[in-house]
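Before any comments, here is the structure.
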Amino acid sequence: MPRLFDAYIIVDWSASAKPKTGKDSIWVGIRARDARLKFQFSSANPKTRLEARQFILEITQKLIARGDKVLIGFDFALGYPAGTADALGLDTKTKLAWQAMHEHLSAKVKEKEDNSNARFALAAGMNYAMTKGAHPFWGAPKRDAVSTLATKKGDFSAPDSLPEHREAERWVKANFKANPKSVWQLLGVGAVGSQALLGIPTVSFLRSHIEHAQIWPFETGLKALSSRDLKDTSCILAEVYPSTVTVTPNPGEILDLAQVRTLSEHLESLDSAGELAKAFGPPNSLNTRIIHKIEAEEGWILAK
């Protein structure tokens, strides 16, 4: 089977409220061919989300301009549990739920040069729209806790609660040595809720600025992809999860950098072996109903 992609970019996102480099900051790993057509790894460590957004756009456009087909993986959820867009009162009659959510967050999140953000206020406002209380988002620092955003988790077992986890998190937990956090958790070790709130607008930005880009699986469908499927596609934007691979940092290498390096190598290796195409499809355990909600709103994690 021919290779699907020519370059692999992995993005380790950050919700930091100030410019930051090094540990627990944004890392972008790029695995692409050099002048001798051999795959090489390079990385960047932008200090703000705006810098990262521009860097990813420019490097992707450069790779596409030379004829490469690019896969970009982001280490945060690209969708929310089924029913979220409706709970927020978004327009799901003329738009798919994932699209309505991406547009909503893109309108609400205003990135600044100093990297400051109002993610806790945003989550509190979304909680109010969904439940009029401190649910489902949770995990605010004490200084940011309000009547509609608490420090501790609410009751996801309540009959009218949105699910705590997406189908993707449940699948990863069952099939990998990993324990992914809920997209509703904003703070704490391993939490990714803040990264998703602030990261989805960047994915939406890149989707609109990279000609012929598509977001998997929302626009491609949750199915094994072929070269024919990607004939008119320049770039696929997907969700990845570092804990689905074994990451061993090199001596002196920051874990975040090791993760983007390892994932980019892993995806390129799968593609070279003709195994990556199947990873874009659903596991046999998923039925048609679940696949529909994944494609319409929840998204999926690219892992094999």
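Bear in mind that the values in this text are calculations on the coordinates, not laboratory data. Note that the structure is a prediction, hence the values are computed from the model and not measured. Note that we place each Cβ from the backbone using ideal geometry, even for glycine, and neighbour counts take in every protein chain shown.
Count Lys and Arg as plus one, Asp and Glu as minus one, and take only other residues whose Cβ is under 13 Å from that of Lys20; the net charge is then -1. Take every pair of alpha-carbon atoms less than 8 Å apart whose residues are at least six positions apart; their mean separation over the length of region 201-250 yields a relative contact order of 39 percent.
Here the simple spin-label model places points 7 Å from the Cα toward Cβ, and for Ala17 and Glu51 these points are separated by 2.0 nm. Per q in 0.16, 0.22, 0.23 Å⁻¹, report the Debye log10 I(q)/I(0) for region 13-99, using one uniform scatterer on each alpha carbon and no solvent. Results for region 13-99 at q = 0.16, 0.22, 0.23 Å⁻¹ read -0.83, -1.05, -1.08.
Over region 163-304, the ratio between the Cα radius of gyration and 2.2 N^0.38 Å evaluates to 1.07.
Arranged from fewest to most other beta-carbon atoms within 10 Å of their beta carbon, Ser157, Ser14, Ser25, Ser243 become Ser157, Ser243, Ser25, Ser14. Taking the empirical scaling 2.2 N^0.38 Å for compact globular proteins as reference, the chain has a Cα radius of gyration ratio of 0.96. Legend: ranking of residues His102, His212, His292, His165 from fewest to most surrounding C-beta atoms inside 10 Å; resulting order His212, His292, His165, His102. Compute the relative contact order of the chain as a whole-number percentage, counting only Cα pairs closer than 8 Å that sit 6 or more residues apart in sequence. That works out to 24 percent. Using the Cβ-Cβ distance between Ala129 and Ala174 with R0 set to 22 Å, the FRET efficiency works out to roughly 0.10. Once both labels are positioned 7 Å from their Cα atoms along Cα-to-Cβ, the gap between Ser227 and Glu58 label points is 3.3 nm.
When Arg3, Arg36 are arranged by Cβ crowding within 10 Å, least crowded first, meaning fewest neighbours, the order is Arg36, Arg3. The label point for Thr288 and the one for Phe41, both projected 7 Å from the Cα toward the Cβ, are 4.3 nm apart.
Computed from backbone phi, the HN-Hα couplings of region 158-167 come to 4, x, 9, 7, 5, x, 6, 10, 7, 4 Hz, rounded to whole numbers (Karplus: 6.51 cos²θ - 1.76 cosθ + 1.60, θ = phi - 60°; Gly and Pro given as x). Over the chain, DSSP H runs of length four or greater, each weighted -39,500 (n - 2.57), average out per residue to a 222 nm ellipticity of -10000 deg cm²/dmol. Along its three principal directions, the equivalent ellipsoid of region 110-193 from the Cα gyration tensor extends over semi-axes of 23, 18, 11 Å, largest first.
For Lys47, the aspartates and glutamates whose Cα falls under 19 Å of its own Cα, not counting residues fewer than eight places away in the same chain, are Asp12, Asp24, Glu58, Asp75, Glu111, Glu113, Asp114, Glu253, Asp256. Annotation for region 160-227: GluC sites (Glu not before Pro) lying in DSSP loop with at most 13 further Cβ atoms inside 10 Å of their Cβ are Glu211.
Across all Cα atoms of region 12-166, the radius of gyration (one decimal) and Dmax (whole number) stand at 18.8, 59 Å. Here the dipole of the chain is about 280 debye; that uses its Cα centre as origin and unit charges on the Cβ of Lys and Arg (positive) and Asp and Glu (negative). Note on the chain: antiparallel DSSP beta bridges, both residues inside, total approximately 45 percent of the bridges counted. The value for region 178-251 of Rg(Cα) / (2.2 N^0.38 Å) is 1.36.
Across region 181-265, the relative contact order, built from alpha-carbon pairs under 8 Å that are at least six residues apart, equals 18 percent.
For region 112-126, no residue has its backbone nitrogen under 12 Å from a point 7 Å from the Cα of Ser147, taken along Cα to Cβ.
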